[in-house]
Amino acid sequence: MSNSKEFLQSVNEVFDQSARLLSLPDDLANKIKLANSIYKVSFGVKLRNKLHTFTGFRCVHSEHKEPVKGGIRYSIDSSQEEVEALAALMSYKCSLMDLPFGGSKGALIINPNDWKKDELERITRRFTNELAKRNLIHPSQNVPAPDMGTDENVMAWISDEYRRLNPTDIDAQACVTGKPISMGGVHGRIEATGRGVFYAIQEFLRYEKDYKRIGFTGELENKRIVIQGFGNVGYHAASLLAEYGAKIITVIEKEGSVVDENGIDIEKLNNYFIRKKTLQGYNGFTKTRNRFLTKDCDILVPAATESVIHKDNAKNIKAKLIVEAGNGPVTAEADRILIRKGVIIIPDFYANAGGVVVSYFEWVKNLSKMRYGLMQEREDEKKQKQLVNALELMTGKNFPDDLKTDVVKGSTEIDLVRSGLEEKMREGYKNIHEKYHSDKKIKDFRTAAMVIAIKKIADAYRYMGI
Ligand code: NAD
């Protein structure tokens, strides 16, 4: 079976099992599980004196809330099944995290590295045209975001193209998230998914009842971590984990890995990767890749692509905790093997929800036409200054200079975005933790999260009438 077929089957298997636990009637379960619609387009762009045909998809999984939300991926390996699985995960993710969106996902079958920047822009604008004229990009209907192979530049082209097609739409900027700040983006979106992964690990380590199950202590310091995929999500997660004392002992990439048992200098590695576009030649580089997924470590963070942990390597996994930073890295069969081995898995549709949480903040910012913190920043600063002055007056002592700036400063957009993201990740973890520990029939965190997500979607359909 192809990876993407197995991926879709794995997502649906968890759904079926969770729907049974909720005793959902079959017709309603089926309605939720199956994608509402999938649009496939083949369009031509004349480049390098030749007409090139590109194939793309946009799947709308569940419209119980609108707009639907989900990234656009540029990858040569994408397929209809992959997009359907990813769109379904978006519905469950938005529901679990209490975001006002249904689920969607898109892909263009392309290797972005095969094209120059101006060529990629023309291809993206043409794809945007195809999707926008069917409301598959639209501020109140369908709002894409970055995913594998796409970045804020691609989002900027999408946003600009949509605005040109809809010059009188006052909300046009809200048609896509993950934009550069100058195009209506929000501070903190680029790092959001990786930062969310970091918060997810931090939350796990705050609940003794959970970390003791795998013999962990509650500290992040010196935890030995293997990361697969050093792109947007993998880098930002690794950077924060290292900053807070964890040791990133291996980074696995497409052409090989970097290993350092004392902990890799993540910023140095990232600068090298940006400059050379490969890890090859870096100190500690080896061509070994997938074998390192089974390397001895405390935490494994797959942040690349789907189905990388499967029935053939699952039994050899040594990590006690797997945090699914990427979508669908563990197949259903591997999931069963790992659970039997006592490994805890923090599931993708919670662990990597930071991206869509901050996309939600960006979308609201675009609709309100006002940056976060504008109304509070100076007012907070004034109140904090008064408090410091009062403390100095009451004690007769000077407030420590090194603390004063931080205490007095009002909250900026990035402070508020990070605070909102942390709050959402905390809330999400607490809900999964409570569900898991309150129902003996629920055997793992993935099922607990899915039960929460489906219940809310099912309630929405029940109240609406299907
Ligand atoms: P990216 O394109 O920025 O980075 C992916 C990295 O993984 C690349 O460096 C690539 O070379 C590497 N890679 C790909 N296949 C690999 C393999 N088999 N082995 C080792 N390395 C491999 O993509 P990203 O945005 O970081 O997304 C990574 C994962 O996170 C995807 O599953 C994506 O769906 C998911 N995700 C991303 C976001 C987001 O905001 N970007 C949000 C939620 C989920």
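Some observations on this one:
- Accessible solvent surface per residue of the chain, calculated while the other protein chains remain in place, 1.4 angstrom probe, Å²: 45 Å²
- Cβ crowding within 10 Å averaged over residues, with 392-400, 158-166, 369-377 ranked highest first: 158-166, 369-377, 392-400
- Counting DSSP beta bridges with both ends in the chain, the antiparallel % (nearest 5): 50 percent
- Zone residues, segment 401-430, relative to Glu379, backbone N less than 15 Å from point 7 Å out along Cα-to-Cβ: 410-412
- Rounded to the nearest 0.05, the FRET efficiency derived from the C-beta distance between Tyr461 and Asn111 at R0 = 30 Å is 0.15.
- With helices as the sole contributors, the chain gives -15000 deg cm²/dmol at 222 nm; each DSSP H run of n ≥ 4 counts as -39500 (n - 2.57), and the sum is divided by every residue.
- Contact order normalised by residue count of segment 249-312, Cα under 8 Å, 6+ apart, percent: 32 percent
- In summary, the lysines within cross-link reach of Lys435, defined as a Cα separation below 25 angstrom excluding same-chain residues under 8 places away, comprise Lys31, Lys33, Lys65, Lys93, Lys209, Lys212, Lys320, Lys341, Lys424, Lys443, Lys455, Lys456.
- Cα gyration tensor shape for segment 93-208, rounded if a/c is under 1.5, else prolate or oblate: prolate
- Anisotropy class of the chain from Cα gyration tensor, a/c 1.5 cut: rounded
- Note that segment 68-73 has calculated 3J(HN,Hα) couplings of 8, 9, x, x, 10, 9 Hz, one per residue in order, obtained from phi through the Karplus relation 6.51 cos²θ - 1.76 cosθ + 1.60 (θ = phi - 60°); glycine and proline are x.
- Label-to-label distance, nm, for residues given as Asp151 and Lys397 (7 Å Cα→Cβ offset): 4.9 nm
- Across segment 358-412, C-alpha contacts under 8 Å between residues 6 or more apart give a mean separation that, scaled by the residue count, equals a relative contact order of 47 percent.
- Label sites at Glu261 and Asp312, each approximated as a point 7 angstrom past Cα along Cα to Cβ, lie 2.9 nm apart.
- Calculated from the alpha-carbon coordinates, segment 163-254 shows an Rg and a Dmax of 18.3, 59 Å respectively.
- Hits among lysines - C-alpha to C-alpha of Lys385 under 24 Å, sequence gap 8 or more where chains match: Lys397, Lys404, Lys409
- 3J(HN,Hα) along segment 311-316: 4, 7, 10, 4, 5, 9 Hz, from the Karplus curve 6.51 cos²θ - 1.76 cosθ + 1.60 with θ = phi - 60°, whole Hz, x for Gly and Pro.
- When only Cα pairs below 8 angstrom with a gap of at least 6 residues are kept, segment 111-219 shows a relative contact order of 20 percent.
- Here is the P(r) of segment 288-425: all C-alpha pair distances, binned every 5 Å from 0, give 2, 9, 13, 13, 9, 8, 9, 9, 9, 8, 6, 3, 1, 0 in whole percents.
- Phi angles of segment 185-191 translate, via the Karplus equation with coefficients 6.51, -1.76, 1.60 and θ = phi - 60°, into HN-Hα couplings of x, 10, 4, x, 6, 4, 7 Hz per residue; Gly and Pro are given as x.
- Fraction of accessible area attributable to carbon and sulfur, segment 274-421 (%, probe 1.4 Å): 54 percent
- Element breakdown for segment 1-53 at a 1.4 angstrom probe: carbon and sulfur atoms account for 47% of the accessible area.
- Overall shape: prolate for segment 113-272, with the ratio a/c of the largest to smallest alpha carbon gyration tensor axis at 1.5 or above and a/b above b/c.
- Of the trypsin sites (Lys or Arg not before Pro) found in segment 31-131, those that fall in a DSSP loop while having at most 12 other beta-carbon atoms within 10 Å are Arg48, Lys116.
The values are calculated or read from the model by the stated rules, or taken from the named source; none is laboratory data. Here the structure is a predicted model, which means the values were calculated and not measured. Every residue, glycine among them, receives a Cβ derived from its backbone with ideal geometry; neighbour counts consider all protein chains shown. For accessibility, only protein heavy atoms count, side chains too; no ligands or nucleic acids. Shrake-Rupley method; radii C 1.70, N 1.55, O 1.52, S 1.80 Å.
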